[in-house]
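Encoded as structure tokens, the structure appears first; notes follow it.
The values are calculated or read from the model by the stated rules, or taken from the named source; none is laboratory data. Quick caveat, the model's predicted, so the values are computed rather than measured. Neighbour counts run over all protein chains shown; Cβ positions are idealised from the backbone, glycine included. Protein only, heavy atoms only, side chains kept; ligands, DNA and RNA dropped before computing areas. Shrake-Rupley method; radii C 1.70, N 1.55, O 1.52, S 1.80 Å.
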Amino acid sequence: MIIDNYNRIHNYLRISLTDNCNLRCFYCMPEEDYVFTPASRLMQADEIEALGKTFVDLGVNKIRLTGGEPLVRKDAADIILRLAKLKVNLTLTTNATRLHEFADALKEANVHSLNISLDTLQSDKFTLITRRDQFKLVYDNIQMMVKNNFHVKVNMVVMKGLNENEIIDFVEWTKYEPVHVRFIEFMPFTGNKWTSNKVFTWQQMLKVIEEKYSFIPLENDKHDTAKAYTVPGHAGTFAIISTMSAPFCSGCNRMRLTADGKLKNCLFSKEETDLLSAFRRGEDVTPLIHQSIRSKAKELGGQFTTDFEHLHAEDINNRSMITIGG
Ligand code: SAM
Ligand code: SF4
């Protein structure tokens with residue numbers, strides 16, 4: 001069992017397959033000419049499988065693959081099928097641009113639930129945010145996965161002045177389609193142009209939604225990062241991930257393995273533990289995993305508090321989101 005100094009059992013691992021991506025979301029990837037990590041420095045498929053198994057032997061029962069865009073990796077299907085053999089709930093966060101090529105592999109791997117990012121329902125705005133003209137492909141692929149009975153959660157990063165005026169359109173989407181929209185408060189990472197006045201908070205979102213709909217809260221699991229709601233009669237649900245205004249660190253069970261094999265005990269942790277180098281030297285990585293999790297801060301990587309109005313993104317010592325894996 002992997003347990004930290006605050007008695008939080010860690011049984012959920014997010015593995016980033018790559019820091020490469022075919023979109024360029026400005027809040028995630030700092031510059032257009034960002035240089036991706038060369039393939040030789042990334043964990044190889046057999047290394048991901050072996051490290052994944054070590055975590056499973058230590059009690060991990062859920063693995064989420066992420067990135068960058070996990071599905072741009074040439075051996076993504078192979079990795080998914082290798083991890084599917086471990087006794088875990090396997091899932092994926094994706095930008096949906098390649099899902100039409102992967103639907104069969106995902107079914108074969110028993111992946112039933114997907115988190116898909118989409119910050120706008122307007123094609124022009126999609127191009128502005130992602131710097132790529134791919135709205136139709138993404139939207140069509142989401143619909144295709146819903147029709148194929150995948151449980152689809154749609155992640156929308158809400159940024160004040162950019163897309164908060166679409167919150168209602170996203171809730172309306174849940175009326176006829178079983179999509180589960182998750183509104184995410186904008187978070188600060190190295191180089192992502194975050195300023196506190198662009199955060200649209202949980203309470204502000206609820207205020208917008210209650211002007212149009214009556215909704216009821218759904219029961220949460222203690223590990224949930226999202227506070228979920230449903231509008232009675234709607235096929236889908238909506239939820240809010242309030243990392244900035246009301247973090248959920250007390251129930252945290254998550255660890256992150258970056259594509260270059262570093263273990264981060266928190267999304268906002270400064271420290272990283274190099275598991276891949278130790279693994280390549282033939283060392284047992286188990287003590288390193290325990291050490292890393294025991295040093296986990298109580299809240300927000302020990303780097304800031306919910307008083308985010310006075311926070312400057314550059315005060316946080318971290319990587320950019322694309323190199324961490326969300
Ligand atoms: N490429 C995949 C995708 O877009 O879903 C997976 C990787 S992406 C880094 C994972 C999630 O992190 C996405 O849902 C994305 O919207 C979210 N994300 C990235 N930067 C963020 C930020 N600054 N604040 C909040 N969420 C962010
Ligand atoms: Fe790529 Fe996902 Fe980051 Fe957008 S949010 S740049 S799709 S990794």
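Kindly check whether there is at least one residue in the range 52-70 that is open to solvent by 20 Å² or more (accessible area, probe 1.4 Å) and within 11 Å of ligand 2 (Cβ to nearest atom).
Taking every residue of the range 52-70 in turn, none turns out to be open to solvent by 20 Å² or more (accessible area, probe 1.4 Å) and within 11 Å of ligand 2 (Cβ to nearest atom).
Condition check ((1) part of a helix (DSSP H, G or I); (2) within 26 Å of SER16 (Cα to Cα); (3) without any contact (Cβ under 8 Å) to a residue 12 or more places away in the chain) across all residues:
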| site | (1), (2), (3) |
| --- | --- |
| LYS222 | no, yes, no |
| PRO232 | no, no, no |
| PRO247 | no, yes, no |
| ALA278 | yes, yes, yes |
| ILE293 | yes, yes, no |
| PHE304 | no, yes, no |
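Among (1) of a type outside the set (Val, Ile, Thr); (2) under 15 Å from PHE26 (Cβ atoms); (3) exposed (fewer than 15 other Cβ atoms within 10 Å of the Cβ), there is one condition LYS136 misses while meeting the rest; what is its number?
Checking LYS136 against (1) of a type outside the set (Val, Ile, Thr); (2) under 15 Å from PHE26 (Cβ atoms); (3) exposed (fewer than 15 other Cβ atoms within 10 Å of the Cβ), the one that fails is (2).
Taking SER196 and the conditions (1) buried (at least 18 other Cβ atoms within 10 Å of the Cβ); (2) within 15 Å of ligand 1 (Cβ to nearest atom); (3) touching a residue at least 40 places away in the same chain (Cβ under 8 Å); (4) of a type outside the set (D, E, K, R), which numbered condition does it fall short on, given that it satisfies the others?
The number of the failed condition is (1).
Which ones in the range 53-91 are hydrophobic (A, V, I, L, M, F, W, C) and out of contact with any strand residue (DSSP E or B) (no Cβ under 6 Å at 6 or more places or on another chain)?
VAL56, LEU58, VAL72, ALA76, ALA77, ILE79, ILE80, LEU81, LEU86
Does at least one position in the range 18-40 carry a residue that is part of a helix (DSSP H, G or I) and either more than 23 Å from VAL158 (Cα to Cα) or open to solvent by less than 30 Å² (accessible area, probe 1.4 Å) (or both)?
Checking the range 18-40: at least one residue is part of a helix (DSSP H, G or I) and either more than 23 Å from VAL158 (Cα to Cα) or open to solvent by less than 30 Å² (accessible area, probe 1.4 Å) (or both).
Starting from the range 1-17, take each residue that is of a type in the set (Ser, Thr, Tyr) and list its partners that are open to solvent by 30 Å² or more (accessible area, probe 1.4 Å), counting only C-beta distances under 8 angstrom and pairs at least six apart or across chains.
TYR6/SER250; TYR6/LYS298; TYR12/ASN61; TYR12/LYS62; TYR12/HIS223
Tell me, yes or no, whether the range 278-297 has at least one residue that is among the acidic types (Asp, Glu) and at pLDDT 95 or above.
yes
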